[in-house]
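Undergrad: Following this message is one structure expressed as structure tokens.
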């Protein structure tokens with residue numbers, strides 16, 4: 001009986017021991033599992049920490065690069081700002097210099113303009129004086145011829161009178177009348193021409209072949225003025241006695257175009273309408289000689305009278 005009890009006790013103890021061992025094995029397995037899980041977690045944490053470290057290092061490198069680039073940009077901006085300030089100072093200096101230069105140039109231009117105006121006025125005065133002297137010489141020649149007309153009637157055909165010069169360069173207007181201006185009709189030309197019967201021109205030149213009236217004068221001096229004058233003379237000659245002295249002058253003056261020529265002709269036409277005398281309207285030759293002048297005939301007349309009065313006063317003082 002005791003043996004049975006011992007056996008039961010041993011079996012109980014063995015069972016308890018087996019249970020304890022089983023529990024211990026289970027606890028060990030659980031502990032091992034937990035340790036393994038912790039180990040895995042630690043490995044994951046280490047890996048994650050490595051990645052984070054790399055990311056942090058990369059971010060730090062990028063931040064340093066960005067800061068360096070920003071500093072370089074700031075340096076470049078400072079250089080640019082300094083260059084702009086320097087350029088602005090240079091521009092201010094240039095503007096000041098240009099302002100001073102502009103004042104000098106403006107003053108020089110004003111002086112030059114005043115000098116040109118003065119030179120122009122002196123030139124006009126000189127031209128008017130020369131014209132007055134020329135007209136005075138021409139009138140003296142005409143008066144000399146008037147006094148010598150009767151005794152030298154025969155020799156005047158063989159010797160051409162002195163021809164006055166016009167104001168145009170190279171202009172040689174027709175000479176003064178070969179007869180006294182007070183005799184009415186147009187005096188004969190300077191060079192002898194074959195005589196023809198009065199009114200024979202209309203019989204010799206058919207109506208369709210006669211010269212047409214020239215176009216209005218355009219006011220250009222020099223060669224064109226000479227050509228216009230020749231055309232008018234041809235036109236008058238083709239119609240013979242149809243144009244008397246006064247009609248020639250009126251037709252000639254009314255054929256002036258606009259501009260300086262019309263301004264020159266207007267006071268002369270007024271003289272004709274008012275039947276007032278004028279040295280240019282003494283006869284056709286006198287008007288031809290005055291044509292190249294292109295100036296104010298009334299002004300010339302006043303200057304001529306002043307010149308005559310001055311000469312008379314000078315002669316009176318001399319005597």
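The values are calculated or read from the model by the stated rules, or taken from the named source; none is laboratory data. Because the structure is a prediction, the values reported are computed rather than measured. Positions of Cβ are generated from backbone atoms using ideal geometry, with glycine treated the same way; all protein chains shown enter the neighbour counts.
Undergrad: Report whether or not residue 49 is more than 60 Å from the chain's Cα centre (by Cα) and either in a helix (DSSP H, G or I) or without any contact (Cβ under 8 Å) to a residue 24 or more places away in the chain (or both).
TA: It is true that residue 49 is more than 60 Å from the chain's Cα centre (by Cα) and either in a helix (DSSP H, G or I) or without any contact (Cβ under 8 Å) to a residue 24 or more places away in the chain (or both).
Undergrad: Does at least one position in region 237-247 carry a residue that is touching a helix residue (DSSP H, G or I) at 6+ places or on another chain (Cβ under 6 Å), assigned to a helix (DSSP H, G or I) and either surrounded by fewer than 19 Cβ atoms within 10 Å (Cβ to Cβ) or at pLDDT 70 or above (or both)? Can you show your working first?
TA: Pass one, region 237-247, residues touching a helix residue (DSSP H, G or I) at 6+ places or on another chain (Cβ under 6 Å): 240, 243, 245.
Those left that are additionally assigned to a helix (DSSP H, G or I): 240, 245.
Pick out the ones that are also either surrounded by fewer than 19 Cβ atoms within 10 Å (Cβ to Cβ) or at pLDDT 70 or above (or both) and you get 240, 245.
Checked region 237-247: at least one residue is touching a helix residue (DSSP H, G or I) at 6+ places or on another chain (Cβ under 6 Å), assigned to a helix (DSSP H, G or I) and either surrounded by fewer than 19 Cβ atoms within 10 Å (Cβ to Cβ) or at pLDDT 70 or above (or both).
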